[in-house]
Amino acid sequence: MPTNFTVVPVEDGRKASPDYEQDTLREEDEEELDLSPSRLSGDGNPKENSPFINNTYSDKGSLYDGKNMALFEEEMESNPMVSSLLNKLANYTNLTQGVIEHEEAENEEGAKKKAVKSPQMGTFIGVYLPCMQNILGVILFLRLPWIVGTAGILESFAIVFMCCACTMLTAISMSAIATNGVVPAGGSYYMISRSLGPEFGGAVGLCFYLGTTFAGSMYILGTIEILLTYIVPNGAIFTTDKKEEEAEVLLNNMRVYGTCCLALMALVVFVGVKYVNKLALVFLACVVLSILAIYAGVVKTIIEPPSFPICLLGNRSLQNHDFDKCQKTDVIGNVTVATKLWTLFCDGPLLNASCNEYFQKNNVTEIEGIPGLFSGVISDNLWANYGPSGMLVEGKRQPSVPAKNMSQDIYLPYVFNDITTFFTLLVGIYFPSVTGIMAGSNRSGDLRDAQRSIPTGTILAIATTSFIYISCVVLFGACIEGVVLRDKFGDSVKRNLVIGTLAWPSPWVIVIGSFFSCCGAGLQSLTGAPRLLQAIARDGIVPFLQVFGHGKANGEPTWALLLTAGICEIGILIASLDAVAPILSMFFLMCYLFVNLACAVQTLLRTPNWRPRFKFYHWTLSFLGMSLCLSLMFISSWYYALVAMMIAGCIYKYIEYRGAEKEWGDGIRGLSLNAARYALIKLEEAPPHTKNWRPQLLVLLNLDTDLGVKHPRLLSFTTQLKAGKGLTIVGSVLEGTYMTKESEAKQAEQNVKSAMSAEKTKGFCHVVVSSNLRDGFSHLIQSAGLGA
C-alpha cells in the first residue's frame, strides 16, 4: 500500500456563490502580499504551505480546475499528449497579451473570476506557430514563382539565402537579449529601447511601427489582388477595352476595394479583437494546408503532371483569355475556318484577311505549363531573365522568326512584363516574406518560460521557413515552365494562380488558403501596430505622440488605430504590391539593424548587466547581422534607405532636443563613458604640447544666504575669456561638516548649474563642504583639472 498521498481540491456548491468567490479572492490576495519571516525560507522564497502537488501561489487556483478528487497520487488522471495538444490548438491565438487583457477587461464577469493568471504558453504554441504564420504569407503565394522565373534559380537562391541569413542573425541577437534577463510583456520594442536608450528606442520603435503598418497595406493589397484576379475577376468596378489601359484600371480597382477592405478590418478591430482571435486557428490552418498542397502537388508531378496547357506563338507566350483552341484554323465538316485566335491577330474571320506580320511568319504551339519534376526544365530556369517594362515573355526552346514591325505588339494578347525587373528590385520585393520573426518576442508576457521559448521557437521557425523557401525555389524551377513562372498574374494559364497550378488536389486550395491567410495577416497588423504606437506614446519619449496613448476605458488604443488606418491608406493608394513591399522592407531592416547594434555595443563595452546565457551568441554574429541589414537596405533601394535613415535621424534629434528624461542604462551612454575614460587616461600619459594647450579656468563663486550665486556675470566673463574652448570648473565652499550640510551642498550645486545654464557657461561645477573656507578653497585648487 502506498504511503505518499495527495489531497486534490474539488468543486463544491460554495463555488457558485458570488460572496464566497469574492472572499476567496480577497484571502488569496492577502496571502500573496504576506511576506512575513514566517512565510519565507532562508533564501527569501515563500514556503509551500499547501498539500497540493506542484503548488505555486500564482496558479494554484487554475492548475487543478476540472480535476476529480484522488486520494493517491498514482490514481490521478493525466491528459494524453495528443488531447492536450489539440486542446491548446483549439485555444490558439496570434494576439499579444495586452490585446487579450483589453478584451477581458470589457467582460466584468470574466474580470471577477480571475485573480492572477500565470502564463502557460509553451514554445510550440506561443512562439513557433505565430512566427511561422507571420513569416509565411502573401509574397510566397503571389510573388515567389515570378521571382524564380525572373531571377533564375541561382540568383533566387542568393536572394532567399541573404534574407534568411539576415533574419537568422537577428534572431540570435534577440535570443541573447531574451536570455540576458526577464523579458516583460513589452516585447521587441521594450528590448530595443531599453538597450539603446530613449533616442534610438523612439526612432527604431516608430520605424518598427511604420513597417508593421505598411505590412498591413501589403496584406490588404494581396487580399484584393487574389479577389479580383483569381476569385471574382468580373467584380471589377472600372473596366476598359484598351489593353494599354489595363494596368491603370487594375490599380484604380485596387484602391477602391482596398479602401473598403481597410475600413471593414479597422471596424472589426475597433469593435473587438476577440473576433480576430476566434479566427486565428482558421488562418493558421490555411497557411499549413497551402504549404502541404504545394509539396503534394510536386510529388504528383512525378506520377502524373497536371494538365495546364499554354499557347505559344513562335516563342511568345499568349494570354489565354479570349480563345479556346490554340490553333490558327480549324476544320469543321471538311471546311477550314478561322478560330478565335485568328480574329485576335487578323482584321476579320476570313482566311484572306490581313494579319499581323509575326502571326503570319510563326506557328502556334501548345506545351504543358507543368511538365513535372524530372522533365529537365530546371536547366532552362537556372539563369535570370531581367528586362524593361513591356518586354515580351518568351520561351527558350521554341523557334521564332522575328518581324520587322513590332509597334502593334502592345495591343495584341501577349504576356508582358508589367514593371522593369532587376536583381535589387527583387530583393526589396522578397524581403517582407521573411519578416515576422518578432511574433514570439512580442508576446513574451504570455510565455511560461520566455528565456527558453523565444530563442528555441524563433530559430526553429526561421529554420523551417528557410527550408520551405529554398526548397520552393528549386521545386518551382524544376516543375514549371519558365514562361509560366514569369507570368505574374497567370494570364497564360487562364488566370489561374501560378503556384496554384502546381498544388494538389486543386488550385483553389491555394487560392482560398492564400486569401484567408492574407486577411488574417492584415487583421493582425491592424491589431498589433496601434498597440505598439500606444506603448511608445505611454513611454513619453516622443511628446507629440502622447495623445495616442489614450483609448477606450479598457485600454484599447482608439486614436492609435485611427492613425494606423490613415497611414495604411497611404500604402493602399500606392495600390501596387511591388511598390509597397520595398517600403516596409526598409523599416523592418532598420529595426533589425538596431537589434544587432544593441547586442554588439553591449558586448564590446562589457556592460556589467549584459550577461546573455544563449551559448551560440557571439558579438561578431551581431556585427555581421548589422552589416547585412545595412547592405540589404541599400541593395533594395538606396533612396528608400536614405529616406528611412533620415526619418529615424529626425526622430532621434527631436527626442534629444526635447530632452528625453528616461534613463534606461542604455549602451549608447555606456559608449560615451568608455570614450571619456579612454581619453582621460591618454591625457595623463604625457604633458600636453604647447600646440594643444587650452585654457583651464577655475571659477570660485561666493554664495548668498539662500545658496544662490552672488555674481552670475562672472560666469559670462569666464565664457568670453576662453572663447568657448578649454575647460571651466566652477566651485564654491560651504563651512561646516558634510554630515550636516549634505542637503545644502546639493541644493547649492543645483543653483550653480542653473546659473551656468542661464549664462550659457559650459563646464563642471562642484561644491565642497569644509571646516573653514581656506581649507575648502585649497582642496578645490588641488583637485581641479582634467581627470581629477
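The values are calculated or read from the model by the stated rules, or taken from the named source; none is laboratory data. Please read all numbers here as calculations on a predicted model, not as lab measurements. For neighbour counting, all protein chains shown are included, and Cβ atoms are generated from backbone atoms with ideal geometry for every residue, glycine included.
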- Query: In this structure, is F200 in the same structural domain as P608 (by TED's automatic domain parsing) and outside any helix (DSSP H, G or I)?
  - Reply: no
- Task: Those residues that are closer than 24 Å to S716 by Cβ and among the aliphatic types (A, V, I, L, M), I need them from the range 737-788; list them, please.
- Result: A748, V752, A755, M756, A758, V767, V768, L780, I781, A784, L786
- Note on the structure: Note: among I468, I454, just one is touching a helix residue (DSSP H, G or I) at 6+ places or on another chain (Cβ under 6 Å), of a type in the set (A, V, I, L, M, F, W, C) and not in a loop (DSSP other than H, G, I, E, B), namely I454
- Item | Conditions (1) among the hydrophobic types (A, V, I, L, M, F, W, C); (2) within 24 Å of S492 (Cβ to Cβ); (3) over 18 Å from the mean Cα position of the chain (by Cα); number of the one not met by L140 | (3)
- Item | Residues that are assigned to a loop (DSSP other than H, G, I, E, B) and not hydroxyl-bearing (S, T, Y), drawn from the range 594-626 | L605, R606, P608, N609, W610, R611, P612, R613, F614, K615, F616, H618
- May I ask you to verify whether P388 is more than 24 Å from K494 (Cβ to Cβ) and either out of contact with any His (no Cβ under 7 Å at 6 or more places or on another chain) or not aliphatic (A, V, I, L, M) (or both)? yes
- Task: Find the residue count for the range 280-316, including only residues that are touching a residue at least 40 places away in the same chain (Cβ under 8 Å) and in a loop (DSSP other than H, G, I, E, B).
- Result: 6
- Output for the range 542-570, where each listed residue is closer than 16 Å to L206 by Cβ and either touching a residue at least 24 places away in the same chain (Cβ under 8 Å) or of a type in the set (A, V, I, L, M) (or both): V542, P543, L545, V547, P557, A560, L563, T564, I567, C568, I570
- Note on the structure: Within the range 323-334, residues being assigned to a loop (DSSP other than H, G, I, E, B) and among the acidic types (D, E) number 1
- Query: If F515 satisfies every condition in (1) surrounded by fewer than 18 Cβ atoms within 10 Å (Cβ to Cβ); (2) modelled with pLDDT of 85 or more but one, which is the exception?
  - Reply: (1)
- Select the helices (runs of 4 or more DSSP H) contained entirely in the range 335-435, then report the ones holding at least 2 residues which are in contact (Cβ under 8 Å) with a residue 60 or more places away in the chain. 340-345, 423-430
- Message: Of the conditions (1) surrounded by fewer than 16 Cβ atoms within 10 Å (Cβ to Cβ); (2) of a type outside the set (D, E); (3) in a helix (DSSP H, G or I), I237 satisfies every one except a single condition; which number is it?
- Response: (3)
- Reported set for the range 604-648 where residues are free of Cβ contacts under 8 Å to residues at least 12 places away in the same chain and among the β-branched types (V, I, T) is T620
- Can you tell which of A280, A338 is buried (at least 17 other Cβ atoms within 10 Å of the Cβ) and either of a type in the set (S, T, N, Q) or outside the structural domain of A461 (by TED's automatic domain parsing) (or both)? A338
- Just one listed residue, out of S514, S525, is more than 17 Å from L206 (Cβ to Cβ) and of a type in the set (S, T, N, Q), and it is S514
